[in-house]
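Student: Submitted below is the structure of interest, expressed as structure tokens.
A short reminder: the numbers here are calculations on the coordinates, not readings from a lab. Keep in mind the model is a prediction, meaning the values are calculated, not measured. Cβ sites come from the backbone with ideal geometry, for glycine too, and all protein chains shown count toward neighbours.
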Amino acid sequence: MTDGLPFLTLDQMAEAIRGKKVSPVEVARDALARARRLQPRLNCFITLLDDQAIDEAQRAERDICLGRYRGPLHGIPYTVKDVFATAGVRTTAGSRVLENWVPEKDAAAVASLRTAGAVLLGKTNTSEFAAGPTTANEHYGPARNPWSVDRVPGGSSGGSAGALAAGIGAFSLGTDTGGSIRMPAAACGVVGLKPSIGTVPRRGVVMLSWSLDTVGILAHSVGDGAKVLDSLGPMRGVETNAAPSPLRIGLPIELLDEPCDPEVRQLFMAAIGRACERGAHLERLSVPWARHALPVNNLISWFESWVVHEPMFMAHSKSYGEAIRRRLLMGAAVEPKDYRAALRIRHGFVRRAEDLFRRVDVLALPTLSVPPPPVGAEEVEVAGQRISTLDALGRFTRFGSFTGQPALSLPCGLTDAGLPVGLQLIGPIGGDRRLWNIGREFEAAIGWDRRTPAGIS
């Protein structure tokens, strides 16, 4: 049984633990050994919690043996992006500024998982203060992609996605401000769920942007991710509708006209085609205003990041890395009146985006416009154009962040070079459960079947 532990779904692992076919201690030891073995190659972790994880697993085993089973997360190993406060365990946010910070309390989401009996394996690598699409951390080293270690795992939750894809833990807790769950999910061939903004409590998460930061999940399937989200607090106002039939899929044509790698586009359209074979209907939607989401999103995010960090930056500026320093200084240059204007523009965009769901059930886009770029690449070639890696990775994810809508990324195939490609689905605000059900329908149509990275065993 232990040989296959890294490749079990959450449901399979939960059934094995509840049925006492495998011990939570066995599961935790296997995951920790795997993490230690792969860490030199992948650099997914900032802090591993060997002793604490075994203690938690032993406690879970005792409770289950005594008939005190808490539910499907009891005894299940997981990881958490190192921006979530963890009681008694350092929380660095990927920065030297906080390298010695040991919180007294857990973040709300971590506390919920502790109550559910999940076993925390470690704190995963992240871009400094969760600001960056590649997890190229200047202080703790870059996280690497299990599918090809010379490639980025996406960011800023890249350590979480890389660990999950490598079979370390059943799920991971992450955050998404401009795509930081969906980008690494696509790059690493796993599923990323970003709920409607405000659905999951953010208390105890190191803040980057108060109007954009969203707590979400990386998992091996949409069902696994949704099950974890259910444990993080009541989904107030969230629909419970099943996936509609026939499903109406909206393709935002102006966004899809943006430069996109030919293999990515082909795999995306093939996945859409398989959904249509199962009865879905396509509608092409004109959304010329959506192209402006990226610059307005950037202005809002830069300004809010500066307001959050200004006191700490003024006291510890030399401890900040160059990438986050540039971002903060751009935010310092944004005038409050321009920020307020950007908020008004966003409010109008949110109304327009919600109006789209009178015509369709879900919007579909590639998650990334390119396969995962090489580590250290500042530019990539996209359809014959040289563009920044930041723009190439965030081009399609910023829309769902900007509007606050629920969004998910799921694998839809591999390039000829064996690199994962992601399909992104976006739903209306509050329609999280319905979107997750639509995601399950797409999983069935695509038939990804949880492929694992070559060379990672």
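Student: Using the Kirkwood formula over every pair of different C-alpha atoms, what hydrodynamic radius in Å results for the chain? Intermediate values should be presented prior to the final figure.
Tutor: Working: mean 1/r = 0.0462 Å⁻¹.
By the Kirkwood definition, the hydrodynamic radius is 21.7 Å.
Student: Sticking with this structure for a sec: Provide the descending list of Cα extents for segment 351-457 along its principal axes, expressed in whole angstroms.
Tutor: 41, 32, 21
Student: Could you give the dipole magnitude of segment 94-246 about its Cα centre, charging the beta-carbon of Lys and Arg +1 and that of Asp and Glu -1, in debye to the nearest 20? Mind showing how you got there, number by number?
Tutor: Numbers: 12 positive and 11 negative charges, 25 e Å.
Computed about the Cα centre, the dipole is about 120 debye.
Student: Beyond 22 Å between alpha-carbons counts as too far, so tell me which of K81/K227; K194/K227; K20/K194 fall in that bin.
Tutor: Where the Cα-Cα span goes over 22 Å, the pairs concerned are K20/K194.
Student: Starting from 0.36 nm per residue, how many nanometres of slack lie between T452 and R59 once their C-alpha separation is accounted for?
Tutor: Details: separation 393, 0.36 × 393 = 141.48 nm, distance 3.08 nm.
Answer, rounded to one decimal: 138.4 nm.
Student: What is the set of long-range amide H partners of V382 at a cut-off below 5 Å, with H atoms built 1.01 Å from backbone N?
Tutor: Long-range HN contacts for V382: I387.
Student: If you don't mind, there's one more thing I want to ask. FRET efficiency for A341 and R291, Cβ-Cβ distance as r, R0 = 25 Å, nearest 0.05? Let's see the in-between values first.
Tutor: Values: r = 18 Å, r/R0 = 0.71.
The calculated FRET efficiency here is 0.90.
Student: Segment 254-286 to segment 154-180: how many Å between their Cα centroids?
Tutor: 25
Student: Among DSSP beta bridges lying fully in the chain, give the percent that are antiparallel, nearest 5. List each step's numbers first, then the result.
Tutor: Numbers: 36 of 51 bridges.
Close to 70 percent.
Student: Using the Cα centre of the chain as the reference point, and only Cβ charges (+1 on K/R, -1 on D/E), how large is the resulting charge dipole? Debye, rounded to the nearest 20. Provide the component values of the computation, followed by the final result.
Tutor: Numbers: 52 positive and 47 negative charges, 143 e Å.
That gives a dipole near 680 debye.
Student: With a sphere of radius 11 Å drawn around the Cβ of M183, what net charge do the other residues whose Cβ falls strictly inside it have (Lys, Arg +1; Asp, Glu -1)? Walk me through the intermediate numbers first.
Tutor: Numbers: positive: R182, K194, R395, R398; negative: D176.
Taking every other residue near M183 into account, the sum is +3.
Student: Lys and Arg at +1, Asp and Glu at -1: add these up for the other residues within a Cβ distance under 11 Å of N145 and post the number. Intermediate values should be presented prior to the final figure.
Tutor: Numbers: positive: R41, R144, R151; negative: D150.
Charge balance in the 11 Å sphere: +2.
Student: Tell me, how many Å apart are the Cα centres for segment 19-87 and for segment 369-446?
Tutor: If we compute the Cα centre of each part, the gap is 29 Å.
Student: Percent relative contact order of the chain, based on C-alpha pairs within less than 8 angstrom and at least six residues apart?
Tutor: 17
Student: Given charges of +1 on the Cβ of Lys and Arg and -1 on the Cβ of Asp and Glu, with all other atoms neutral, how large is the dipole of segment 2-231 about its Cα centre, in debye to the nearest 20? Walk me through the intermediate numbers first.
Tutor: On the way: 25 positive and 22 negative charges, 26 e Å.
For segment 2-231, the charge dipole is close to 120 debye.
Student: For T367, what is the net charge nearby, where nearby means another residue's Cβ is under 13 Å from its Cβ and Lys, Arg count +1, Asp, Glu -1?
Tutor: Its environment carries a net charge of +3.
Student: If you project the alpha carbons of segment 248-446 onto the principal axes, what extent comes out on each, in Å, largest first?
Tutor: If we take the Cα atoms of segment 248-446, the spans are 58, 39, 29 Å.
Student: OK, next. If contacts are Cα pairs under 8 angstrom and at least 6 residues apart, what is the relative contact order of segment 237-372 in percent?
Tutor: Numbers: 119 pairs, mean separation 58.5, N = 136.
Taking the mean separation of contacting Cα pairs over the length of segment 237-372, I get 43 percent.
Student: Expressed as a rounded percentage, what relative contact order does segment 126-235 have, with Cα pairs under 8 Å and six or more residues apart? Could you put the intermediate results ahead of the total?
Tutor: Details: 247 pairs, mean separation 25.8, N = 110.
With pairs under 8 Å counted, the relative contact order is 23 percent.
Student: Does a label point 7 Å from the Cα of E381, set along Cα-to-beta-carbon, have any residues of segment 249-275 with amide nitrogen under 15 Å, and which are they?
Tutor: Answer for segment 249-275: 260-263.
Student: Something else about it: Quick one: Karplus J couplings for segment 368-374, per residue in order, coefficients 6.51, -1.76, 1.60, θ = phi - 60°, nearest Hz, x for Gly and Pro?
Tutor: Rounded to whole hertz, the list is 10, 8, 9, x, x, x, x.
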